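Notes follow the structure.
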Number of protein chains: 2
Amino acid sequence: MNRQCLLVCRPEGIAQAKNFEIVEAPHQKLGEGEIRVRNHFLSVEPAMRGWIADKGNYAEPVAIGSVMRALTAGMVTETRHPGYAVGDAVTGWFGWQEEAVAPASAVVRKIAETDLPLSLSLGLLGINGVTAHLALTGIGNPQPDETLLVSTAAGAVGSAVGQIGKLLGCRTVGIAGGPDKVKLCLERFGYDAAIDYKAGDLRAALARTCPEDIDIYFDNTAGAISDAVLAHLALRARVVVCGTAAIDRWDPWPEGPRVERHLLVKRARMEGFVIFDHMDRYEASVAQLAEWVRTGQLAYEEDILSGIEACPDALAGLYRGENKGKRIIRL
Amino acid sequence: MNRQCLLVCRPEGIAQAKNFEIVEAPHQKLGEGEIRVRNHFLSVEPAMRGWIADKGNYAEPVAIGSVMRALTAGMVTETRHPGYAVGDAVTGWFGWQEEAVAPASAVVRKIAETDLPLSLSLGLLGINGVTAHLALTGIGNPQPDETLLVSTAAGAVGSAVGQIGKLLGCRTVGIAGGPDKVKLCLERFGYDAAIDYKAGDLRAALARTCPEDIDIYFDNTAGAISDAVLAHLALRARVVVCGTAAIDRWDPWPEGPRVERHLLVKRARMEGFVIFDHMDRYEASVAQLAEWVRTGQLAYEEDILSGIEACPDALAGLYRGENKGKRIIRL
C-alpha cells in the first residue's frame, strides 16, 4: 500500500495537524507517458499555507481530500515515458506520499548533481535556493559594499540569500528569532551581524547594525519586523517581498504603518517575487548554486523529520519557528 | 521695494495662510556671477508640504523667516553672469517674491519654447509634466492596451500622465474628486473612463471601469484611494508612488491595509519617484512634451491666481482640492 497525507479540511490561519490525515491507498497502475516515483524526501514550505488557502493566490488551491501538494525528491522505479529511465533521480510535484504515479509534466527536473545529497534538491538546490538566488540578483540587484538585510535569516531561503549576498560583496545582516538562530547566522552562514528580533528593541538594533541604513531588504516575514526595517531604508533601496511568515491570517486584512512615504522619500522599490515565474532560469541557477556548494562557499542546514507520520504537524511547526534550516521529511 | 512671501512658522499638517506673511524688502544689489529675475509666474505645488516640514524629506527644509521656496518663471532684468542676457526667459528656484537676485545655480533652465506660454514652464513643461513623463515611462513602463489608472487625474501631474499614457497606447482611467473634475478628465484629457471618488463605492467603480484590473497605477494620493486600487492590481502591475496628497500628516504615522500580500500574489512593484533625481533627462523630456503641445496632442489646464497676496492661502487651497489643473500665481 501507498501511504499518503491528505488535506482533509481547510485551515483558518496556519494549517494544523488536524487539517491533514494519513491514509493508505492501493498502488496505482501506470498509464502511457507516466512514471512511478519512490519519494525519498518530502518538502515542507512556508508557501504551502498559500497553496491550501481558499483565497486568491498564485496557485490553484489544493482540493479537500486530495494528497497534499508538495515538491519531493525521489527515484523513478517504473516508466512508460521515453524521457525517463528506472533509477533516474527526479524532483517534482509528487506530493506528501510514499510513491507517486505522475505524468512527466509533474517533474521539475532530473537531478544532475548526483555527487551532492539528494535532499538538497528540495532546499538549497531547489526552489528555496533558486528563489534566494534569482530574487536577490533580480530584484535586489546587490552591489559591492551595500548593506543587505535578511529576515528569517537562518531559514531555507534566508540563509541562502545571506550567503549569496556575501559572495556578491554585500555587508550582510540577518534577523532571526532566538539566540540559537542568531548563532547559526553568524557562525554557519557568515552574516556580518545578526539580530534576535525577540530580544527587544528592533529599531535600536537596526540602527546599531546598519549605521548606513539598508540598501536591500529581503523580506520573508512582513509584519512588525518589516515595519521597523522600512524606517531604515537607504536612498534607492530595494525591498524583495518574498514571504509573509509573520502574518497569521489575511482575513480580516491586517493593517500596518503606511509604506508610501518611505518609498517616496527614499525613492525605494518594493517588489513581489514568486519563483514559478522564473522557471526558464532554474537550471542555470541550480548549476551556479551547486558549484558554490562544491567549492564550500555555500553552507546549508537541514531540519529532517522522519516518516510520513511527521507530515500533518510539519507545517504548523515551521510557523512555530521550530526548524533550523530547510525542513524536510525523510521517508 | 520687492514684495515677498515668507514662511513664518512651521505648520502642523497642511500649511495654512497663517504660516506665511507678505513683507516688503529693499531691492538687493547684484554680486559677481548673479542675475536679477523679474518673476512673472510663481508655482504652487503639493510637494511644498514636504519642503516646509521639519521631518526628513528629500529636500532641505525651508528656514523659518525666509522667502518660501518655489519654482518661478520670469525674465532676466540685470546680469553679472556671462551665460545670461537681459531678456532671457528663465525658470528656476527664485521663490515666492516679485524679484529675485540669485546665482546661476538657481536656474533650472533657460526657456527655449518662446512660442508657448511662459507659465507652462511651471506646469506641463516644468516639473509636473516632466515628472509625469519620466515617472510614467521609467517606473510605469506602459505597454499598448494596458490599463493605466491615475489618481488626482485632473491635476497638474495626473492630467499629463493620463494623456501621455494614452499617447503610448494605454487604456486610461482617472480618479478625481467631484463631477467637474471627472468631466475635465473625460472631455479635456481624453481619459477612457473617470471615477468620482467622492461619489460612493470606489471598489465597485474600479471593478466596473477596470474589468481586467490595473497594470499601472500612478499614485498621487496614497490613503483610501490607493488601498482600494491595490486590491485590483493585475499580474506584474507597477505602482508609481509620486505623491501622498490624501495623507494630512505623518505624525502620528498613519496605518493602512498591508501591501505585502498584494505585491507578492501579483508580483507587483511599488516605487517612489522624485523628479530631482532625473535632471539629466529634463531637457529631452521638455522637448518631447513641447512637441506634443504644439501638435495639439497634449492639453493642459491652468488655475491662475493673481498677485503675491494670493500666496499664503494658495497651498492650503490646493489641498482643499479647489484648483483645476496646475495652480500658478501670476504677478
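The values are calculated or read from the model by the stated rules, or taken from the named source; none is laboratory data. What you see is a predicted model; the values in this text were computed from it and never measured. Virtual Cβ from ideal backbone geometry, glycine too; neighbours counted across all protein chains shown. Accessible surface is based on the protein model in full, side chains and every heavy atom, while ligands, DNA and RNA are left aside. Shrake-Rupley method; radii C 1.70, N 1.55, O 1.52, S 1.80 Å.
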Candidates B:THR131, B:THR91, filtered to the one that is assigned to a strand (DSSP E or B), at pLDDT 95 or above and in contact with a helix residue (DSSP H, G or I) (Cβ under 6 Å, 6 or more places away or on another chain):
B:THR91
Selection status of A:VAL182, on the phi < 0 side of the Ramachandran plot, in a helix (DSSP H, G or I), buried (at least 23 other Cβ atoms within 10 Å of the Cβ) and at pLDDT 95 or above:
yes
Checklist (1) facing chain B (nearest Cβ under 10 Å); (2) without any contact (Cβ under 8 Å) to a residue 60 or more places away in the chain; (3) in a helix (DSSP H, G or I) applied to A:SER226, failing item:
(2)
Being in contact (Cβ under 8 Å) with a residue 40 or more places away in the chain, within 17 Å of B:LEU125 (Cβ to Cβ) and assigned to a strand (DSSP E or B) is the filter here; which residues of region B:94-113 pass it?
B:VAL107, B:VAL108, B:ARG109
Answer yes or no as to whether B:GLY155 is closer than 23 Å to B:LEU315 by Cα, open to solvent by 10 Å² or more (accessible area, probe 1.4 Å), within 16 Å of the chain's Cα centre (by Cα) and of a type outside the set (Val, Ile, Thr).
yes
Scanning region A:8-33 for residues that are basic (Lys, Arg) and assigned to a loop (DSSP other than H, G, I, E, B), the one surrounded by the fewest Cβ atoms within 10 Å (Cβ to Cβ) turns out to be A:LYS29
Over region A:233-260, the set of residues basic (Lys, Arg) and either more than 7 Å from every other protein chain (Cβ to nearest Cβ) or in contact with a Ser or Thr (Cβ under 6 Å, 6 or more places away or on another chain) (or both) is A:ARG236, A:ARG238, A:ARG249
Within region B:15-65, track down each residue that is within 14 Å of chain A (Cβ to nearest Cβ), in contact with a helix residue (DSSP H, G or I) (Cβ under 7 Å, 6 or more places away or on another chain) and aliphatic (A, V, I, L, M).
B:ALA59
Residue under question is B:ARG327, and the condition is that it be buried (at least 20 other Cβ atoms within 10 Å of the Cβ), of a type in the set (Lys, Arg) and at pLDDT 95 or above; does it hold?
yes
Does A:ARG236 satisfy the criteria of being outside any strand (DSSP E or B), among the basic types (Lys, Arg) and not assigned by TED's automatic domain parsing to the domain that holds A:VAL67?
no
I need the strands (runs of 3 or more DSSP E) fully contained in region B:242-313, keeping only those with at least 1 residues that are buried (at least 18 other Cβ atoms within 10 Å of the Cβ) and in contact with a Phe, Trp or Tyr (Cβ under 6 Å, 6 or more places away or on another chain).
B:255-257
